[in-house]
Amino acid sequence: MESFSILLSSSVLAALIAAIVSLRTNERNIQIKNVTQERAKWRNDMRNLADSLIKATRAGNFQDVGFHCSQLALNVNPFDPEDIAIIQVVELLATAEDKDMQVKEFTERMALLLKHDWERAKREARPWFFRGSEPRRIPYAEFKGECVTAHPSKSSRRTSLALFLPFVTLSFSAGIIFFLAVGLTEPFQTLVKIFNDSNTNKSIGAWVQFIFWSVVCGSLWSAAYLWFKGSEKRFLEIWFEIKS
């Protein structure tokens, strides 16, 4: 009985939680090092490749243009329509009558590709509860349409209305956290003192109930906190979007 009580003591549970957090942190660091950093190198290589392509086109060196086009094709997704379109634009650089317009289209398509990958990298670097949905890659046709038909005032009005839901969820989750803090702090302080008192005998059933309610209340607190932080992040994103 005594050994079982020691096993379930708060110090052992804290050590287990610390071990789990440490394991997750190490896995996260490995992912950032092996994936995020490699993608940063890829973006830098793509910028250099685009710069070399534009310089070769300006100089009329279409042999180098063909070589860089082959290198570009090896670094993009051969099944993605937008990536295929980039290669097609580069292939027309040598024969296009208006090379300035062709270079401009190539530059814009590359900018959209790099912007999308940068947004994906930022999302993957965040904690999982802050990531949100996968960033959407804007098609080039839609990008050109937005450049012509965008209406900032209408967009701002729509964004202002979008603030309402994050504000409601932010307030609701803050209320839950406040309730848990006020209602559960004193009772659990008393329970922790009782279960850490070696002079008081506790049955196995009492330990099980203590652990169960600790996990339940801790999970509620964690869920409310993550909900609060997610709502706060979304609210601030929309707020700064309006201000900009």
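The residue of the range 192-204 that is nearest to the chain's Cα centre (by Cα), among those that are assigned to a helix (DSSP H, G or I), loosely packed, with under 15 Cβ neighbours inside 10 Å and at pLDDT below 75, is Val192.
Cβ-Cβ distances below 6 Å connect the following pairs, each with a first residue in the range 84-109 that is among the acidic types (Asp, Glu), a second residue that is modelled with pLDDT of 90 or more and in a helix (DSSP H, G or I), and a separation of six or more residues or different chains: Glu105/Val89.
The values are calculated or read from the model by the stated rules, or taken from the named source; none is laboratory data. Since this is a predicted model, take the numbers as computed values, not measurements. In this analysis, Cβ positions are derived from the backbone assuming ideal geometry, glycine residues included, and neighbour counts consider all displayed protein chains.
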